[in-house]
Amino acid sequence: MNENELRERYICLAFQYESVIDALLTKGLVDMEAASAAKERFYDTLNEERLLATQKIRDYQESISLYMRTLAYDGMVSLTELTRQYSDESPGYVIQSWMRSRNTLEFLRQWELDQNAEFDDQVCAELIRQGHTTSLTITPTLWVRRTHAVGLYVKQGKGGGVSAYPEIATDFRLWLDPKERLTLIRSVR
């Protein structure tokens with residue numbers, strides 16, 4: 001949830017609270033002084049919660065940004081290095097495992113459609129279909145070569161690996177670390 005969505009939710013909550021207080025006032029269940037005091041306490045609490053939630057969102061975004069910048073090279077983040085921090089398995093195998101998910105492929109597809117005019121969406125759709133009906137293993141190299149994707153960069157040989165733009169790397173990192181994913185979800189709810 002971003003700051004605009006948070007603001008909209010607080011406006012909706014305030015409207016509902018005001019409506020309830022006004023209904024109680026109309027029915028004579030509370031007097032004007034009690035209604036005014038309740039509204040004042042509500043808005044004081046709401047402002048404190050909103051500031052806290054906004055700060056949590058900003059803190060989390062800054063920590064992710066800083067972390068990704070430490071792994072970045074030429075605007076891209078090394079998925080290979082991220083993998084080494086979370087797993088003893090071969091980085092290539094872990095990245096392939098991430099790419100087995102239809103959600104991952106749809107995420108990569110959406111990123112490419114937003115960022116890359118040369119992306120071949122028809123080939124992408126066929127790869128997604130084949131990946132789930134046959135034993136085809138979709139690797140970063142296959143993905144880039146067949147779809148003309150630019151979000152992932154594959155370097156072969158010694159010192160090679162897979163790199164990705166920060167949004168893609170963030171998705172990969174959250175896939176690698178369920179605890180981090182849960183922390184993100186809790187920070188924005």
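The values are calculated or read from the model by the stated rules, or taken from the named source; none is laboratory data. Bear in mind that the values here come from a model prediction, so they are computed numbers and not experimental data. Reconstructed Cβ throughout: ideal geometry from the backbone, glycine too, with neighbour counts over all protein chains shown.
Reported count of residues in region 154-169, each being under 13 Å from Leu108 (Cβ atoms) and of a type outside the set (A, V, I, L, M), is 2.
Exactly one residue among Arg146, Arg129, Arg173 is at pLDDT 90 or above, among the charged types (D, E, K, R) and either surrounded by fewer than 21 Cβ atoms within 10 Å (Cβ to Cβ) or within 20 Å of the chain's Cα centre (by Cα) (or both), and that residue is Arg146.
Go through region 1-29 and report how many residues are modelled with pLDDT under 75 and either over 29 Å from Arg186 (Cβ atoms) or among the polar types (S, T, N, Q) (or both).
Keep residues of region 1-29 that are modelled with pLDDT under 75, which gives 1-25.
Subsequent filtering for residues that are either over 29 Å from Arg186 (Cβ atoms) or among the polar types (S, T, N, Q) (or both) retains 2, 4, 16, 19, 21-25.
So the answer is 9.
Please go through region 96-153 and pick out each residue that is among the small types (Gly, Ala, Ser) and either more than 21 Å from Tyr165 (Cα to Cα) or not in a helix (DSSP H, G or I) (or both). Result: Ser101, Ala117, Ala125, Gly131, Ser135, Ala149, Gly151.
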